[in-house]
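Notes follow once the structure below has been shown.
The values are calculated or read from the model by the stated rules, or taken from the named source; none is laboratory data. All values reported here derive from a predicted model rather than from experimental measurement. Virtual Cβ from ideal backbone geometry, glycine too; neighbours counted across all protein chains shown.
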């Protein structure tokens, strides 16, 4: 069954099985796990959204497969909404323009490096939270020619200056302040 879209009911109109099924298909359905989801839904329809209580995950059916959208899979980005977006990582990554005005949550006990290339617009930011014990290093990437924070600065085409978020549950924000120019502020050390 394809989605019918929003339907406006009038007083006295009969609510059909098709109407109810369409409403159900357009909600976030809650299941104990993927097996329960599979037996309850049968044939999935593109755009269906489910929440699995056993894993605390949200999945969306894209027409051919279920894809996990929350928490995001390491290195991928959640869809943007009006308050920005986020991604949760446990391995090193290079930021993309999708993370403009977004937050990266670093979890796990392994050391992680977040590389920030020149991919965001002037005055926009990327915030990085250290949510676990692993060391978090913030490094400049391709296109960044002026990089500063924690009282130190570097410039040129091959900047090696990095910053570390100094403690668990601390954060840093990287902001583009001019062409190819970034500043890192927060609980960091050089």
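Evaluated against (1) surrounded by 19 or more Cβ atoms within 10 Å (Cβ to Cβ); (2) touching a residue at least 60 places away in the same chain (Cβ under 8 Å), residue 118 falls short on exactly one condition, (1). The numbered conditions (1) surrounded by fewer than 18 Cβ atoms within 10 Å (Cβ to Cβ); (2) within 24 Å of residue 67 (Cβ to Cβ) are all true for residue 93 except (1). Scanning the range 105-124 for residues that are over 11 Å from residue 92 (Cα atoms) and assigned to a strand (DSSP E or B) yields a count of 2. Residues that are modelled with pLDDT of 85 or more, surrounded by fewer than 15 Cβ atoms within 10 Å (Cβ to Cβ) and closer than 30 Å to residue 152 by Cα are absent from the range 38-57.
Just for the range 147-190: of the residues that are more than 23 Å from the chain's Cα centre (by Cα) and under 15 Å from residue 121 (Cα atoms), which one is surrounded by the most Cβ atoms within 10 Å (Cβ to Cβ)? Looking at residues that are more than 23 Å from the chain's Cα centre (by Cα) and under 15 Å from residue 121 (Cα atoms), I get 181. Looking only at the range 163-185, which residues are under 13 Å from residue 117 (Cα atoms), in contact with a strand residue (DSSP E or B) (Cβ under 7 Å, 6 or more places away or on another chain) and outside any strand (DSSP E or B)? 180, the sole residue that qualifies.
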